[in-house]
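*Asks:* Before I ask anything, here is the structure I am working with.
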Amino acid sequence: MKERKAWQFTGYGAIILILILWGAAAALFGANIDTLNPGIVVAAALLIGAGALLSSGLTIIQPNEAQIVTFFGKYIGTLSQDGFWLTVPLSSRKKISLKVRNFNSHTLKVNDAEGNPIEIAAVVVFRVEDTARATFDVDNYERFVEIQSETAIRHIAAHYPYDQYSEEVKLTLRGNSDEVAAELLNELQQRLIVAGVTVLETRLTHLAYSPEIASAMLQRQQAMAIVAARQKIVEGAVTMVDAALRQLRDKGIDLDGERRAAMVNNLMVAIVSERGTTPVINTGTLYN
């Protein structure tokens, strides 16, 4: 099915035409009420029937609303311009909203790309673009959006890891939420095109490890953070020790290999240690 525009005429003009038809019928009856000529009666009845037939096609369209027009089971078209209109008489009309709507998915439990169970949820912003497809190609387009949204969320979540644990991983659910939301939008739009629905925006609203592994994954994240911090501390300590040795050499203070090694060891311990170090002063050697 493809949406097309239904025939329509201004409702106010139709009201004037109906009043003219009924006025003409009344005038015929009034002018021939004594004789009641059968031909005149039939003509007046036809005028009344024509006015009633036209009145069956009158309808009101609210803003951001459309009406599907069918005539004895055949799709005639869609009325989408707000106002008071006359359309095909004796037709059936079904209202459908064109407003922007949100769908908040349930919190879904899925496995990420590394097999870790996670909880994920998203919000989908959508609107009906093709009223014919939304009405005739799917049973219930709102329910269709819900099911396809949750299916797409599960599919996207299974393609990315929750967090970055190696240099080979480029995109993650936690660190690249914008990219993940954009891919979710593209996939969901492909799924919903059959229902005549346009997806305007998708966003992740909930992302967490499942309770059964949350504690273990927290310890893993803390360990990774400690290792990364230690690497930075060691890099900084090496740079500082190298700068200290260069300054001593530039000032003419030469140390032999043993004393240089001892100095490097002391500086590294003092810089890298988590606690404050207690210096030990060498005052010399006692000889008997």
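The values are calculated or read from the model by the stated rules, or taken from the named source; none is laboratory data. Note that this is a predicted model, so its numbers are computed, not measured. In this analysis, Cβ positions are derived from the backbone assuming ideal geometry, glycine residues included, and neighbour counts consider all displayed protein chains.
Yes/no per residue for (1) surrounded by 15 or more Cβ atoms within 10 Å (Cβ to Cβ); (2) of a type in the set (A, V, I, L, M); (3) touching a residue at least 24 places away in the same chain (Cβ under 8 Å):
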| site | (1), (2), (3) |
| --- | --- |
| Lys2 | no, no, yes |
| Tyr12 | no, no, yes |
| Ile18 | yes, yes, yes |
| Gly23 | no, no, no |
| Ala27 | no, yes, no |
| Leu90 | no, yes, yes |
| Arg93 | yes, no, yes |
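Residue-by-condition table, conditions (1) within 29 Å of Ala6 (Cβ to Cβ); (2) of a type in the set (A, V, I, L, M, F, W, C); (3) without any contact (Cβ under 8 Å) to a residue 60 or more places away in the chain; (4) in a loop (DSSP other than H, G, I, E, B):
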residue: Val124; (1), (2), (3), (4): no, yes, no, no
residue: Ala134; (1), (2), (3), (4): yes, yes, no, no
residue: Tyr162; (1), (2), (3), (4): no, no, yes, yes
residue: Thr172; (1), (2), (3), (4): no, no, yes, yes
residue: Ala182; (1), (2), (3), (4): no, yes, yes, no
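*Asks:* So, one more: Quick check on my filter: what residues within segment 88-122 are charged (D, E, K, R) and assigned to a strand (DSSP E or B)? Don't jump to the end; show me each part of the working.
*Replies:* Applying the first criterion (charged (D, E, K, R)) to segment 88-122 yields 93-95, 99, 101, 109, 112, 114, 119.
The answer is Arg93, Lys94, Lys95, Arg101, Lys109, Glu119.
*Asks:* Can you go through Val128, Val145, Val69 and tell me which one is aliphatic (A, V, I, L, M), crowded, with 18+ Cβ neighbours inside 10 Å and not assigned by TED's automatic domain parsing to the domain that holds Arg203?
*Replies:* Values: Val128 fails: not assigned by TED's automatic domain parsing to the domain that holds Arg203; Val145 fails: not assigned by TED's automatic domain parsing to the domain that holds Arg203.
Going through Val128, Val145, Val69 in turn, just one is aliphatic (A, V, I, L, M), crowded, with 18+ Cβ neighbours inside 10 Å and not assigned by TED's automatic domain parsing to the domain that holds Arg203: Val69.
*Asks:* Looking at segment 50-87 only, could you name the residues that are among the β-branched types (Val, Ile, Thr) and not in a strand (DSSP E or B)? Give the derivation first.
*Replies:* Going residue by residue through segment 50-87, those that are among the β-branched types (Val, Ile, Thr) are 59-61, 68-70, 76, 78, 87.
Scanning segment 50-87 gives a single hit, Thr87.
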